[in-house]
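Here is the structure we will look at.
Rule-based calculations on the coordinates, nothing more; no lab input. Everything numeric in this text was worked out from a predicted model, so none of it was measured. Please note: Cβ atoms are built from the backbone with ideal geometry, for glycine as well, and neighbour counts cover all protein chains shown.
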Amino acid sequence: MEKSDNNSSWIVLSPDSCEYPHHFKQLPTPPKKLFLQGNLSLLHYPMLAIVGSRYPTPQGKRDAFTLARDLSLTGYVIVSGLAKGIDASAHEGGLQGNGKTIAIMGTGIDKIYPPENLSLAHRIIAEGGMILSEFEPGTPARSWHFPHRNRLIAALSEGCLVIEATLDSGSLITANWSLELGKEIFARPGSIHSPQSKGCHRLIQEGAKLVESREDILRELPYYSSPLRSHPNIRNAHSGQIIQMTSEESYHLWQNMGVEPESIERLAQAHALTLLDVSSILTSLEIAGLVARLPGGLVQKLI
């Protein structure tokens, strides 16, 4: 990880960086560099993509905002493409919920596109979100950049929700990438008479999950498949809140952590777990306020 020479607030990641998302390494053409600005720790949270039409109906915009807000309140980071329409509404909903949203751009990180979303991009950074691009700073918008960008949206997320899309919508490219990568596909239905619904209806006919509410999504995703259950409870020493652990493994991992920062690799070795399992457990503990992630791939017990 390095700071950009051009702007000290940019972070540049290469594939050999410990912070480089492992999701991208599964792609046929992983980004050679990533340019990021904002809250880097979001890359460790569970993520859900919400994409759709650049020219949505008012109802479509409301649906994107509401579902993004409601899903973010369960702990998901909302990932989208900073385009006008559904993408912008999804980012707004993520900010309204837990404030965690990632915008993946089809331009250089310093070339916000479309220009009318410049203030939204600034809000995303200021309110705890992140913007990300694989294109060098200064790169302008090009038509082929956006389908290329869509593979990153799909790879970073556990599932992809499409809200309003025509049959030739770029959102279907994101959905197809998600399908190729083994992710869950979700679609919001609409009027059979609306061209904006045709793409979503096609996805549903081909096996995408029909979405009426956030529960239709949560039931299908691995983060929700291990909900807080009747496992040992802990009282947060600072807030007094009673916190249920997600599993016995979560409880024992947290209980046996020392007060000094530890690496994820050491925790995995000490508890005979995979790095993926430990990362998932730590995400749940972080959301509960029991641990904090630190630079360099370290984590620290908080209470």
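Taking a straight Cα-Cα cut-off under 30 Å and skipping sequence neighbours fewer than 8 places away in the same chain, the lysines within cross-link reach of Lys25 are Lys3, Lys33, Lys84, Lys100, Lys111, Lys183, Lys209, Lys301. Applying 1/(1 + (r/R0)^6) with R0 = 41 Å to the Cβ-Cβ distance of Ser14 and Ile192 gives a FRET efficiency near 0.30.
Other residues with beta-carbon under 15 Å from the beta-carbon of Ala208 carry, at +1 per Lys or Arg and -1 per Asp or Glu, a net charge of -2. May I ask you to sort Ile50, Ile11 by Cβ crowding, counting other Cβ atoms within 10 Å and putting the fewest first? Sorted ascending by nearby Cβ count, the order is Ile11, Ile50. Between Lys84 and Arg219, the simple spin-label model (points 7 angstrom out along Cα→Cβ) gives 3.8 nm.
Each of (i) 134; (ii) 151; (iii) 180 is a candidate for volume of the Cα convex hull per residue in Å³; the one calculated from this structure is (i).
Which residues make up the longest stretch of the chain that has no trypsin sites (Lys or Arg not before Pro) in a DSSP loop with at most 12 other Cβ atoms within 10 Å?
33-141
Remark: the Leu118-Gln255 segment gains 44.9 nm on full extension, using 0.36 nm per residue and subtracting the alpha carbon distance. GNM on the chain, C-alpha springs below 10 Å: top fluctuator among Gly99, Gly258, Gly128? It is Gly258. Positive contributions from Lys and Arg (+1) and negative ones from Asp and Glu (-1), summed over other residues with Cβ under 13 Å from the Cβ of Pro114, come out at +1.
Return the calculated 222 nm mean residue ellipticity for the chain, to the nearest 500 deg cm²/dmol, obtained by summing -39500 (n - 2.57) across DSSP H runs with n ≥ 4 and dividing by the residue count. Intermediate values should be presented prior to the final figure.
Working: 11 runs with 105 residues, N = 303.
-10000 deg cm²/dmol, from helical runs alone.
At 0.36 nm per residue, minus the direct Cα-Cα distance, what do His271 and Lys33 gain on full extension? Give it in nm, one decimal, please. Let's see the in-between values first.
Values: separation 238, 0.36 × 238 = 85.68 nm, distance 3.32 nm.
Full extension of this stretch gives 82.4 nm more.
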